[in-house]
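Right, one structure below, let's go through it.
The values are calculated or read from the model by the stated rules, or taken from the named source; none is laboratory data. Everything quoted here is computed from the prediction, not taken from an experiment. For neighbour counting, all protein chains shown are included, and Cβ atoms are generated from backbone atoms with ideal geometry for every residue, glycine included. Note: areas computed on protein heavy atoms with side chains; ligands, DNA, RNA excluded. Shrake-Rupley method; radii C 1.70, N 1.55, O 1.52, S 1.80 Å.
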Amino acid sequence: YQMLSKNQSIAEPIRRAVLYHHEKFCGGGYPSGLKGNEIPLYARVLSVIDVFDALVTERPYHKAYSVADTLEIMYTMYSQFDAEVFQAFLKSLIVYPIGSVITLSNGVQAQVIKTNKGYPLRPVVKDIKTGEELDLSRDYLSLLIV
(Lines give C-alpha, C1' and ligand atoms only; values in the text may rest on other atoms or scores of the structure.)
Protein backbone atom coordinates (compact mmCIF):
# COMPACT_ATOMS: atom_id res chain seq x y z
CA TYR A 1 0.00 0.00 0.00
CA GLN A 2 2.79 2.40 0.92
CA MET A 3 4.62 1.69 -2.33
CA LEU A 4 1.43 2.11 -4.36
CA SER A 5 0.60 5.36 -2.55
CA LYS A 6 3.71 6.92 -4.04
CA ASN A 7 2.17 6.52 -7.49
CA GLN A 8 -0.79 8.89 -7.78
CA SER A 9 -1.86 7.27 -11.06
CA ILE A 10 -3.07 4.27 -9.03
CA ALA A 11 -6.53 5.08 -7.71
CA GLU A 12 -7.13 5.03 -3.96
CA PRO A 13 -9.78 2.23 -4.18
CA ILE A 14 -7.15 -0.01 -5.80
CA ARG A 15 -4.55 0.86 -3.17
CA ARG A 16 -7.10 0.12 -0.42
CA ALA A 17 -7.92 -3.23 -2.06
CA VAL A 18 -4.27 -4.18 -1.80
CA LEU A 19 -4.09 -2.99 1.79
CA TYR A 20 -7.20 -4.83 3.00
CA HIS A 21 -7.37 -7.99 0.88
CA HIS A 22 -6.36 -10.17 3.87
CA GLU A 23 -9.33 -8.99 5.92
CA LYS A 24 -11.91 -11.75 6.44
CA PHE A 25 -15.61 -11.05 5.95
CA CYS A 26 -16.37 -12.78 9.25
CA GLY A 27 -13.64 -10.74 10.99
CA GLY A 28 -10.26 -11.83 12.23
CA GLY A 29 -8.21 -10.81 9.20
CA TYR A 30 -5.46 -8.24 9.03
CA PRO A 31 -4.16 -5.53 9.05
CA SER A 32 -7.10 -3.75 10.73
CA GLY A 33 -9.52 -6.48 11.83
CA LEU A 34 -12.28 -5.17 9.59
CA LYS A 35 -15.33 -7.32 8.91
CA GLY A 36 -18.34 -7.38 6.61
CA ASN A 37 -19.04 -4.23 4.67
CA GLU A 38 -16.31 -2.38 6.57
CA ILE A 39 -13.97 -4.05 4.08
CA PRO A 40 -13.83 -2.13 0.78
CA LEU A 41 -15.57 -3.97 -2.08
CA TYR A 42 -12.44 -4.25 -4.22
CA ALA A 43 -10.60 -5.80 -1.26
CA ARG A 44 -13.42 -8.36 -0.86
CA VAL A 45 -13.09 -9.24 -4.55
CA LEU A 46 -9.31 -9.40 -4.35
CA SER A 47 -9.53 -11.66 -1.29
CA VAL A 48 -11.42 -14.35 -3.22
CA ILE A 49 -9.07 -14.08 -6.19
CA ASP A 50 -5.99 -14.19 -3.96
CA VAL A 51 -7.10 -17.39 -2.20
CA PHE A 52 -8.01 -19.03 -5.51
CA ASP A 53 -4.64 -18.09 -7.02
CA ALA A 54 -2.73 -19.28 -3.94
CA LEU A 55 -4.37 -22.71 -4.15
CA VAL A 56 -4.10 -23.32 -7.91
CA THR A 57 -0.48 -22.16 -8.05
CA GLU A 58 2.49 -24.37 -7.21
CA ARG A 59 4.12 -23.15 -3.99
CA PRO A 60 7.24 -24.27 -2.14
CA TYR A 61 5.01 -25.59 0.67
CA HIS A 62 2.31 -27.32 -1.47
CA LYS A 63 1.60 -28.57 -4.96
CA ALA A 64 -0.98 -26.76 -7.03
CA TYR A 65 -4.52 -27.99 -6.42
CA SER A 66 -6.89 -28.66 -9.30
CA VAL A 67 -9.61 -26.07 -9.85
CA ALA A 68 -12.21 -28.55 -8.56
CA ASP A 69 -10.22 -29.27 -5.38
CA THR A 70 -9.55 -25.55 -4.92
CA LEU A 71 -13.26 -24.78 -5.03
CA GLU A 72 -13.99 -27.56 -2.54
CA ILE A 73 -11.44 -26.00 -0.19
CA MET A 74 -12.85 -22.51 -0.75
CA TYR A 75 -16.37 -23.72 0.04
CA THR A 76 -15.07 -24.72 3.48
CA MET A 77 -13.78 -21.15 3.89
CA TYR A 78 -17.12 -19.64 2.82
CA SER A 79 -17.57 -17.48 5.95
CA GLN A 80 -14.30 -15.69 5.20
CA PHE A 81 -15.68 -14.29 1.93
CA ASP A 82 -18.43 -11.87 1.04
CA ALA A 83 -21.14 -14.31 -0.12
CA GLU A 84 -22.22 -12.14 -3.06
CA VAL A 85 -18.65 -11.73 -4.26
CA PHE A 86 -17.95 -15.46 -3.89
CA GLN A 87 -21.13 -16.37 -5.80
CA ALA A 88 -20.23 -13.94 -8.59
CA PHE A 89 -16.78 -15.51 -8.76
CA LEU A 90 -18.29 -19.00 -8.97
CA LYS A 91 -20.59 -17.92 -11.80
CA SER A 92 -17.56 -16.79 -13.79
CA LEU A 93 -15.84 -20.21 -13.65
CA ILE A 94 -16.17 -23.14 -15.97
CA VAL A 95 -14.45 -26.06 -14.24
CA TYR A 96 -15.78 -28.76 -16.57
CA PRO A 97 -16.07 -27.34 -20.10
CA ILE A 98 -18.82 -28.64 -22.38
CA GLY A 99 -17.56 -31.78 -24.11
CA SER A 100 -15.32 -32.83 -21.21
CA VAL A 101 -15.47 -36.52 -20.38
CA ILE A 102 -15.61 -37.17 -16.65
CA THR A 103 -15.97 -40.19 -14.37
CA LEU A 104 -18.60 -40.18 -11.64
CA SER A 105 -18.20 -41.73 -8.20
CA ASN A 106 -20.45 -44.63 -9.29
CA GLY A 107 -18.01 -45.48 -12.11
CA VAL A 108 -20.16 -44.06 -14.91
CA GLN A 109 -18.35 -42.16 -17.63
CA ALA A 110 -20.22 -39.11 -18.81
CA GLN A 111 -19.79 -36.12 -21.05
CA VAL A 112 -20.49 -32.58 -19.86
CA ILE A 113 -23.34 -31.11 -21.91
CA LYS A 114 -24.15 -27.98 -19.86
CA THR A 115 -22.63 -25.95 -17.04
CA ASN A 116 -24.64 -24.81 -14.03
CA LYS A 117 -24.00 -21.16 -13.18
CA GLY A 118 -23.24 -20.85 -9.49
CA TYR A 119 -22.51 -24.58 -9.24
CA PRO A 120 -19.29 -25.04 -11.24
CA LEU A 121 -18.64 -28.47 -9.68
CA ARG A 122 -22.11 -29.81 -10.60
CA PRO A 123 -22.67 -29.71 -14.41
CA VAL A 124 -25.34 -31.46 -16.46
CA VAL A 125 -23.80 -34.58 -17.97
CA LYS A 126 -24.84 -37.35 -20.34
CA ASP A 127 -24.07 -40.99 -19.51
CA ILE A 128 -21.91 -42.14 -22.41
CA LYS A 129 -23.37 -45.69 -22.41
CA THR A 130 -27.07 -44.99 -21.85
CA GLY A 131 -27.47 -41.42 -23.08
CA GLU A 132 -29.27 -40.50 -19.83
CA GLU A 133 -28.90 -36.86 -18.82
CA LEU A 134 -27.95 -36.22 -15.20
CA ASP A 135 -28.17 -32.78 -13.62
CA LEU A 136 -25.59 -33.09 -10.85
CA SER A 137 -26.81 -29.89 -9.20
CA ARG A 138 -30.32 -31.19 -8.54
CA ASP A 139 -31.17 -34.83 -9.12
CA TYR A 140 -27.93 -36.62 -8.39
CA LEU A 141 -26.43 -34.92 -5.36
CA SER A 142 -24.87 -38.16 -4.10
CA LEU A 143 -22.75 -38.48 -7.25
CA LEU A 144 -19.37 -36.82 -7.35
CA ILE A 145 -16.93 -36.24 -10.17
CA VAL A 146 -13.76 -38.18 -9.41
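Quick check: from the Cα gyration tensor, does region 59-107 come out rounded (a/c under 1.5), prolate or oblate?
On the way: a/c = 1.94, a/b = 1.27, b/c = 1.53.
Taking the square roots of the gyration eigenvalues as a ≥ b ≥ c, region 59-107 is oblate.
Could you work out how much longer the chain between Ser100 and Tyr119 gets when fully extended? Use 0.36 nm per residue separation minus the Cα distance between them, nm to one decimal. Before the final figure, lay out the partial values.
Numbers: separation 19, 0.36 × 19 = 6.84 nm, distance 1.62 nm.
Using 0.36 nm per residue and subtracting the Cα-Cα distance, I get 5.2 nm.
Quick check: at a probe of 1.4 Å, how many percent of the accessible area of the chain sits on carbon and sulfur atoms?
On the way: 4960 of 8910 Å².
Summing carbon and sulfur atoms, their accessible area is 56 percent of the total for the chain.
What length, rounded to one decimal in nm, is gained on full extension from Tyr1 through to Leu41, with 0.36 nm per residue of separation minus their alpha-carbon distance?
Values: separation 40, 0.36 × 40 = 14.40 nm, distance 1.62 nm.
The span from Tyr1 to Leu41 would gain 12.8 nm if fully extended.
If you restrict to DSSP beta bridges whose two residues both lie in region 22-146, what percentage is antiparallel, to the nearest 5? Mind dumping the intermediate values first?
Details: 12 of 12 bridges.
Here the share of antiparallel DSSP bridges comes out near 100 percent.
Can you tell me the relative contact order of the chain? Whole percent, Cα pairs under 8 Å, sequence separation 6 or more.
Answer for the chain is 14 percent.
Packing-wise, with mean Cβ within 10 Å as the measure, how do 137-144, 20-27 rank, highest first? Intermediate values should be presented prior to the final figure.
Values: 137-144: 13.4, 20-27: 18.9.
Output ranking for 137-144, 20-27: 20-27, 137-144.
Cut-off 10 angstrom, C-alpha nodes, Gaussian network model of the chain. Which of Thr103, Thr115, Thr130 fluctuates the most?
Result for the chain, Cα springs under 10 Å: Thr130 fluctuates most.
May I ask you to give the solvent-accessible area per residue for the chain, in square angstrom, as obtained with a 1.4 angstrom probe?
Numbers: 8910 Å² over 146 residues.
Normalised by residue count, the accessible surface of the chain is 61 Å².
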